[in-house]
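The values are calculated or read from the model by the stated rules, or taken from the named source; none is laboratory data. This structure is a prediction, so every number in the text was calculated from the model and none was measured. Here the Cβ positions follow ideal geometry from the backbone for every residue, glycine too, while neighbour counts run over all protein chains shown. The area values use the complete protein model at the heavy-atom level, side chains included, leaving out ligands, DNA and RNA. Shrake-Rupley method; radii C 1.70, N 1.55, O 1.52, S 1.80 Å.
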Amino acid sequence: MTDIQTPSAAPSRRLDAIDRKILRVLQEDASLSVAEIGERVGLSSTPCWKRVQRLETEGIITGKVALVDQNKIGLGLSVFVSVESDDHSDEWLRQFATVVSAMPEVIEFYRMAGDVDYVLRVVVADMQSYDLFYKKLIGAIALKNVTSRFAMEKIKSVTALPVPPLELPKPHILPARSPAETRV
C-alpha cells in the first residue's frame, strides 16, 4: 500500500543557523564532501558530519539524488492533470493513491483544496505517450473528470526549498511607565 504524505509539523528540534546553512549547501550540491560542506558553513569535518547525520536521522534530509534533464532522456512533454472524483471515501483514496503511485509517468501527486480534488504532474515523451497514459488512468479507477494542461515552456524549476532564516527571539519590551512610577 502507498504511504500518503500529510503535511508535518515543525521539526522536533529547532534548526540553528548552521543547520540551515548545511541544508542550503546540500540542496545546491549534495555531491560535496563533508569537508567542503564544513568549509562553506564554518565547521570542521567531524561536527559537520554529525550535523548532517542528525538531519538525516531526524528525517529533515530525506534523500540525495541526481537531477536529470527530462528533455535529454526523451521525456519532452510535461502535463498537469487535474482530477475530480465523485467518491471521497478513504477506501477510494487508498485505491487511487496506489494506482497513481504505481505509474512511473507521475512524478508529483497532490490532494488539493478547491475546485479539483487531485493534481498530477506527468512527464512523457510525446502526445501519443500521454494518450496511452490517459487511457490507463481512466481505465484503472472511476473518475468524475480529468483535465489535462500541457506545459509549453518551463520558466522556472528548482528542487531547493527556500530554507527560512533563523528567527531571532523578539526582545522583551517593558511597558512604558507613567511619570509617577519613575519617581523614587
| Share of alpha-carbon pairs per 5 Å distance bin for the chain, given as whole % | 1, 6, 11, 13, 12, 11, 11, 10, 8, 5, 3, 2, 2, 2, 1, 1, 0, 0
| Can you give the charge dipole size of the chain about its Cα centre, rounded to the nearest 20 debye, using +1 on the beta carbon of Lys and Arg and -1 on the beta carbon of Asp and Glu? | 840 debye
| the stretch 1-159, relative contact order [Cα under 8 Å, separation at least 6], % | 25 percent
| query | Rounded to the nearest 500 deg cm²/dmol, what is the calculated helix-only ellipticity per residue at 222 nm for the chain, with -39500 (n - 2.57) per DSSP H run of length n ≥ 4? | reply | -10000 deg cm²/dmol
| note | In terms of the charge dipole of the stretch 1-155, which places +1 on Lys and Arg and -1 on Asp and Glu at the beta carbon, the residue among THR98, LEU26, VAL41 farthest towards the positive end is VAL41
| remark: Sorted by chain and then number, the residues having a modelled amide H within less than 5 Å of the amide H of MET103, at least 5 places away or on another chain, are none
| request: For the stretch 112-153, with all protein chains present and a 1.4 Å probe, just round the carbon and sulfur fraction of the accessible area to a whole percent. | output: 54 percent
| Could you give me the ³J(HN,Hα) list for the stretch 155-165, computed from phi with Karplus coefficients 6.51, -1.76, 1.60 and θ = phi - 60°, whole Hz, x at Gly and Pro? | 8, 8, 8, 10, 10, 6, 7, x, 4, x, x
| Pairs from LYS64/LYS136; LYS21/LYS50; LYS64/LYS135; LYS50/LYS170 whose Cα-Cα separation, in the structure shown, is over 23 Å | LYS64/LYS136; LYS64/LYS135; LYS50/LYS170
| task | Report, to the nearest 10°, how far helix 90-101 tilts away from the longest principal axis of the Cα atoms in the chain, using its own Cα long axis and a range of 0 to 90°. | result | 80 degrees
| note | Checked against the positive end of the charge dipole of the chain (+1 on Cβ of Lys and Arg, -1 on Cβ of Asp and Glu, about the Cα centre), the farthest of PRO175, ILE138, TYR118 is PRO175
| note | HN-Hα couplings for the stretch 135-148 via Karplus (6.51, -1.76, 1.60; θ = phi - 60°), in whole Hz with x for Gly/Pro, come out as 5, 5, 5, 6, x, 8, 7, 5, 10, 7, 8, 10, 10, 10
